[in-house]
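**Q** Let me begin by handing over the structure; questions about it come next.
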Amino acid sequence: AQTVTQSQPEMSVQEAETVTLSCTYDTSESDYYLFWYKQPPSRQMILVIRQEAYKQQNATENRFSVNFQKAAKSFSLKISDSQLGDAAMYFCARTGANSKLTFGKGITLSVRP
Amino acid sequence: NAGVTQTPKFQVLKTGQSMTLQCAQDMNHEYMSWYRQDPGMGLRLIHYSVGAGITDQGEVPNGYNVSRSTTEDFPLRLLSAAPSQTSVYFCASSYSWGQDGELFFGEGSRLTVL
């Protein structure tokens, strides 16, 4: 089965510092999309950032950026200038066969004031 | 603009009971799907639909039925609830059944089966 792996179940970061959340994936597709979703305590799933595999340039959305290493099948999320509102569970996801979206198990990020 | 609306938000069932989780979207999205979220398991795809009249199974379809009679609605039916179906359920929709379709999620429905 094609999988998405988030090996760290929890991380903590000091407010205003930078944190990187790791994600690796398995795929046999040549073109696919990768996503990071945020789930705050409200339970609502929110898209943070997306990356198309054939694009070399790493995606950036304000304080959020990715480090996409296609050969290594790695897709990490960097959060700069962490804020209290960034505390949430973060899911890495990948499109795969038949374009179905597969999620990792998630990582809980806490932000220390 | 309501987006994706799920009802009910909370439900308690007894083993063997049946129920339907409702999902409606007002964005004219072709693609709709149901996920369940369990601790330490992430989100797993139950069923999905690429358009009215077309449905298919996801990763964990057993015990669930779906239908898609209109573009807007995609209900999830639990035929005979089991404690293993205790979970949080998310409905999601997307404009395109393609690689770049951003999923828009409902607020989730927490189901407890006793």
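**Q** Taking residue A:38 as the anchor, which lysines have their alpha carbon closer than 22 Å to its alpha carbon, excluding any fewer than eight residues away along the same chain?
**A** A:73, A:78, A:100, A:105, B:9
**Q** Another one. Dividing the convex hull volume of the alpha carbon atoms of the protein assembly as shown by its residue count, what do you get in Å³ per residue?
**A** Considering the Cα atoms of the protein assembly as shown, their hull volume per residue is 122 Å³.
**Q** Search the structure for amide H atoms under 5 Å from the amide H of residue B:26, placed 1.01 Å from N in the peptide plane, and list their residues when 5 or more places away or on another chain.
**A** Distant-sequence amide H within range of residue B:26: B:3.
**Q** Using alpha carbon centroids, what distance separates segment A:33-93 and segment A:1-31, in Å?
**A** 9 Å
**Q** Quick one: divide the alpha-carbon radius of gyration of chain A by 2.2 N^0.38 Å and tell me what you get.
**A** That works out to 1.02 for chain A.
**Q** R0 = 30 Å: FRET efficiency of residue B:59 with residue A:64, Cβ-based, nearest 0.05?
**A** After rounding, the FRET efficiency stands at 0.60.
**Q** A further question follows. Between residue B:59 and residues 5 or more places away or on another chain, which pairs have amide H atoms under 5 Å apart, with H built 1.01 Å from N, and which residues are they?
**A** Amide H neighbours of residue B:59: B:45, B:46.
**Q** So what J values fall out for segment B:8-22 if you push phi through Karplus, 6.51 cos²θ - 1.76 cosθ + 1.60 with θ = phi - 60°, rounded to Hz, Gly and Pro as x?
**A** x, 7, 9, 7, 10, 10, 9, 3, x, 6, 10, 6, 10, 8, 8
**Q** How long, wide and thick is segment B:34-114, going by the Cα atoms along their three principal axes, in whole angstroms, largest first?
**A** 37, 26, 21
**Q** Say we join alpha carbon atoms closer than 10 Å with springs in a Gaussian network model of chain A; which of A:59, A:72, A:88 then has the biggest fluctuation?
**A** So, out of A:59, A:72, A:88, the one fluctuating most is A:72.
**Q** In sequence order, what are the phi-derived ³J(HN,Hα) couplings for segment A:87-92 according to the Karplus relation 6.51 cos²θ - 1.76 cosθ + 1.60 with θ = phi - 60°, rounded to whole Hz, with x for glycine and proline?
**A** Couplings: 4, 4, 9, 10, 10, 8 Hz.
Only the coordinates and a few stated rules stand behind these numbers; no lab work does. For clarity, every value in this text was computed on a predicted model and none was experimentally measured. No Cβ is skipped: glycine too gets one built from the backbone with ideal geometry, and neighbour counts run over all protein chains shown.
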